[in-house]
Amino acid sequence: LHRYIAAFLATTPSISFHQLPPIPLDPASYDSPDALTSDLVNLNNVHVQVALTSTLRSLIIDLFCYPALEIAAHLGIPAYNFFTSNASCLSLYLHLPSIYRNTTDNFKDVDTVFHLPCLPPTPLNHLPDTTLLKNTIECDFLINCTAHLAKSAGNIINTFETLEPKVVKALSLGFSIPDGPNQTQTPPIFCVGPLIDTHRNGNGDEGEECLKEKRGDQMMEIAVGLERSGQRFLWVVSNPPPNNNKQGFSKGSHPSLEGFLERTSGGVGHDSVGGFVTHCGWNSVLESICTGVPMVAWLLYAEQKLNKILLLEELKLALPVNESENGLVSAKEVVKRVRELTETE
C-alpha cells in the first residue's frame, strides 16, 4: 500500500492521503474477511468524520464504504459511489436487494433467470459467490452494500457509453427499483471510463487462492494445452513455488512437461498480442477492449460471471472456457480455445 501511494503521489501530487488510526481488531476472531471488513468500515466512520475539513464539497466512496453516507448527510454534502465495474453490473446490483427478498431458495440452487430490458438474461446462480448462500455474513454484507447504491447522489462508473449503450441509456434516464413496499428512483450516473491500472504488479492476486487446491494439476493442463496449440504465448504465473521457480516444469516432474521451458522459450517479443486469457476482472477486460485484443473468459470469483455474460452475450468479444466434471480445464479445452481465438476471424 505504501509503495502504491508513493507511486501515485509521484504522478499526482495534488491529491492528499490521510491515514486513519488503526482499529484494534483481531482477524483470527472473525469467520470471514467480509465480517472483518464490515466492522472495520463501520468503526472507521468516526475517524473519517474527524479527518474531513469544513471546506469539503462532496464525498466519493467505494461500494463497501456505504456507512460514510451518514457522514455526508450530517455535513449536508452529496456523496457519490465510485463503481469500479461496469454499468451492466451496477444495474443488476441496484436490483439485487429486491431479487434477494423475493427469492426463497439459495441462489446456487435455483435455475431462475433475471430479465431486465437493458441486460442479457442473467441466471441467479451466476451472481457473486458471496450471495449464493442466503443468511450468511458474506451474503448479508454485500446485499446491504448494494441496497445503499440507490441512496447516493449518483454513481460514477468505470465504463463509457459506446461500450454499453443500452444500459447506460437506461441508467441515464433513470428507472424505478423495488425498495420493500416502495419504489426508489435510480440516482444519476457519470461514465468516466476507461480508467485502466497499467501499473499493477500482479502480486497478491486474490484469484490465486481460488486455484490453490487444484493448482498443480491445472497448471499441468495449461502448460500441455498451450504447447500443443502451436501458438506462441506469454504465460504470466503469480506466486511461483518458493524454492524453485521452475518447479512443476522440470525434468521428471511430469512426462508431458519434460523440457517444457526449453521448447517454449522465446517468441514473446512481438509488438502485438493475438488474444488474452482473462478471469474477466473489469480492469483486464477494459485493457483488452481498448487495445483491440479478443479474450478467452476463464472465471474465478466475484462479479466475473456477470462480466462474462456481458462479454459473450452482449459484446461478443470473448470465448468461453468449459470446465470438466472435476472442475479442471483440460489441456484439450485449452488447445481448442487458443486455436479458435487465434485462427478464426
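The values are calculated or read from the model by the stated rules, or taken from the named source; none is laboratory data. Predicted, not measured: the structure shown is a model, and the values here were computed from it. Ideal geometry is used to build each Cβ from the backbone, glycine not excepted, and the neighbour counts take in all protein chains shown. For the accessible areas, the whole protein counts, side chains as well, though only heavy atoms, and no ligand, DNA or RNA atoms are used. Shrake-Rupley method; radii C 1.70, N 1.55, O 1.52, S 1.80 Å.
Starting from the stretch 88-100, keep only residues that are among the aliphatic types (A, V, I, L, M), then list their pairs with residues that are outside any helix (DSSP H, G or I) whose Cβ atoms are within a distance under 7 Å, requiring at least 6 positions of separation or different chains.
Short answer, once both residue conditions are applied: L90/F83; L90/N155; L90/I157; L92/L119; L92/T122; L94/I177; L94/T186; I99/F114.
Condition first: in contact with a His (Cβ under 7 Å, 6 or more places away or on another chain) and open to solvent by less than 40 Å² (accessible area, probe 1.4 Å). Can you find one or more residues in the stretch 62-69 that meet it? Talk me through it step by step, then tell me what you get.
Keep residues of the stretch 62-69 that are in contact with a His (Cβ under 7 Å, 6 or more places away or on another chain), which gives 66, 69.
After this cut, where a residue has to be open to solvent by less than 40 Å² (accessible area, probe 1.4 Å) as well, the list is 66, 69.
Yes: the stretch 62-69 contains one or more residues that are in contact with a His (Cβ under 7 Å, 6 or more places away or on another chain) and open to solvent by less than 40 Å² (accessible area, probe 1.4 Å).
Taking into account only those residues within the stretch 289-322 that are buried (at least 19 other Cβ atoms within 10 Å of the Cβ) and among the small types (G, A, S), which is nearest to N86 (Cα to Cα)?
Result: A302.
Checking T103 against (1) assigned to a loop (DSSP other than H, G, I, E, B); (2) open to solvent by 40 Å² or more (accessible area, probe 1.4 Å); (3) more than 26 Å from S284 (Cβ to Cβ), only one condition comes out false. Which one?
(2)
Would you confirm, using the coordinates I've provided, whether S38 is more than 24 Å from P128 (Cβ to Cβ) and not charged (D, E, K, R)?
So S38 fails the test.
Being part of a loop (DSSP other than H, G, I, E, B) and assigned by the TED database to the domain that holds V167 is true for just one of I5, I60, I23, I71. Which residue is that?
One residue alone meets the criteria, I23.
Taking S54, is it within 25 Å of I157 (Cβ to Cβ), out of contact with any helix residue (DSSP H, G or I) (no Cβ under 7 Å at 6 or more places or on another chain) and at pLDDT below 90?
Judged against the criteria, S54 is not a match.
What number of residues within the stretch 114-148 satisfy the criterion of being over 15 Å from C89 (Cα atoms), free of Cβ contacts under 8 Å to residues at least 60 places away in the same chain and aliphatic (A, V, I, L, M)?
Of the residues in the stretch 114-148, 2 are over 15 Å from C89 (Cα atoms), free of Cβ contacts under 8 Å to residues at least 60 places away in the same chain and aliphatic (A, V, I, L, M).
Output the residues belonging to the stretch 112-160 that are in a helix (DSSP H, G or I) and among the basic types (K, R).
K151
When the stretch 167-218 is examined, which residues are found to be at pLDDT 70 or above and on the phi > 0 side of the Ramachandran plot?
Hit for the stretch 167-218 is G174, nothing else.
Got a sec? Which of P13, P78 is out of contact with any Asp or Glu (no Cβ under 6 Å at 6 or more places or on another chain) and more than 30 Å from E164 (Cα to Cα)?
Matching residue, one of P13, P78: P13.
Looking at (1) closer than 20 Å to A147 by Cα; (2) assigned to a loop (DSSP other than H, G, I, E, B); (3) aliphatic (A, V, I, L, M), which is the only condition A35 fails?
Every listed condition holds for A35 apart from (2).
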